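Enquirer: Take a look at this one; I'll ask things after.
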Amino acid sequence: MRIGEIAALVGVTPRAVRHYHQSGLLPEPARRANGYREYGVRDAVLLARIRRLTELGLGLDEVRVVLADDEGRGLVEVLEELSQDLARQEAEIRDRRERLAALLDEARAGRLPADGPLSPELSALLAGLGELPESPMAAKDREILALLDAVVPEAERSRLMGLMEGAAEHAREVYPLLDALSGAEADDPRVAEAAGVLAACLPDELGVEIPTAGSGGAAGVPGASLADALFADLAPAQSAAVHLAMRLVRERRERRP
């Protein structure tokens, strides 16, 4: 048989056969005088086994392990591992479908925000805040919450959103002060006032959640990079107010008995 014939017989493509040759799974057969490969029954049996193993979801390295074990012990071990992996995938898919069903219900009811889908924790937080004021800082606040919602590990999200909820209840007092700093420089005398009001809104725990540049953290700390990214597009005075507020919160936390 030529390569096209064995490929058609086993149900794969000639390209797949060549790939198995290059991967070392399927030995090169003898060649005819004209240079064409000449496949026999043994080649077809081996190729069919490779096809069945890959259809089960085994990678080529795993197939190689199975083929190298003449007594089949490798096959049992690899299939058990594959079964466990599929069980994990099934659990993940089931969890994702449950979350998708909840989001779908919210979307059908017209309650899914434009920047959704969001986690149930953030959705509940935003719903509790009601209509936010027309404020650039309020919009920025929502962007920050959406980003944290995406990057914070699921196990930590509920706790962090709970902390944010306490802070967000008083945020309306801070937005006008920070909006007024748009275009101002970092040494603007209003920075200290805005920072003081913002610090009073924030719970002590938030002072260590997102390290900020200049707070004594080491260079390259992921939290510091995240904080810098969050506040990068703020005016110098706004950024100074936020960083000062975070410092005040940390200092307040350190003074606690």
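Enquirer: Got a sec to turn the phi values of the range 25-31 into Karplus ³J(HN,Hα) couplings, 6.51 cos²θ - 1.76 cosθ + 1.60 with θ = phi - 60°, whole Hz, x for Gly and Pro?
Expert: Computed from phi, the couplings for the range 25-31 are 7, 10, x, 5, x, 5, 10 Hz.
Enquirer: Assuming R0 = 35 Å, what is the FRET efficiency of ARG52 and ALA150, from their Cβ-Cβ distance, to the nearest 0.05?
Expert: Working: r = 40 Å, r/R0 = 1.16.
Here the calculated transfer efficiency is 0.30.
Enquirer: While we're on this one: Report the residues of the range 30-57 in range of a label on MET1: point 7 Å along Cα→C-beta, backbone N strictly under 15 Å from it.
Expert: Output list for this probe position: 30, 37-52.
Enquirer: Which peptide among 13-19, 247-253 comes first, and what is the full order, when sorted by highest mean count of other Cβ atoms within 10 Å? Walk me through the intermediate numbers first.
Expert: Values: 13-19: 14.6, 247-253: 16.9.
My ranking of the peptides, most packed first, is 247-253, 13-19.
Enquirer: To continue, here is another question. Rounded to the nearest 0.05, what FRET efficiency is calculated for ASP204 and ARG108 with R0 set to 35 Å and r the Cβ-Cβ distance? Before the final figure, lay out the partial values.
Expert: On the way: r = 40 Å, r/R0 = 1.15.
That pair, ASP204 with ARG108, gives E of 0.30.
Enquirer: Still on this structure, please answer the following. For the range 9-100, take N as its residue count and report Rg(C-alpha) divided by 2.2 N^0.38 Å. Each step should come with its number before you reach the end.
Expert: Details: Rg = 17.2 Å, N = 92, 2.2 N^0.38 = 12.3 Å.
Rounded to two decimals, the normalised Rg is 1.40.
We did not get these values from a lab; they are worked out from the coordinates using the rules stated. A quick note: this is a predicted structure, and the numbers were derived from the prediction, not measured. No Cβ is skipped: glycine too gets one built from the backbone with ideal geometry, and neighbour counts run over all protein chains shown.
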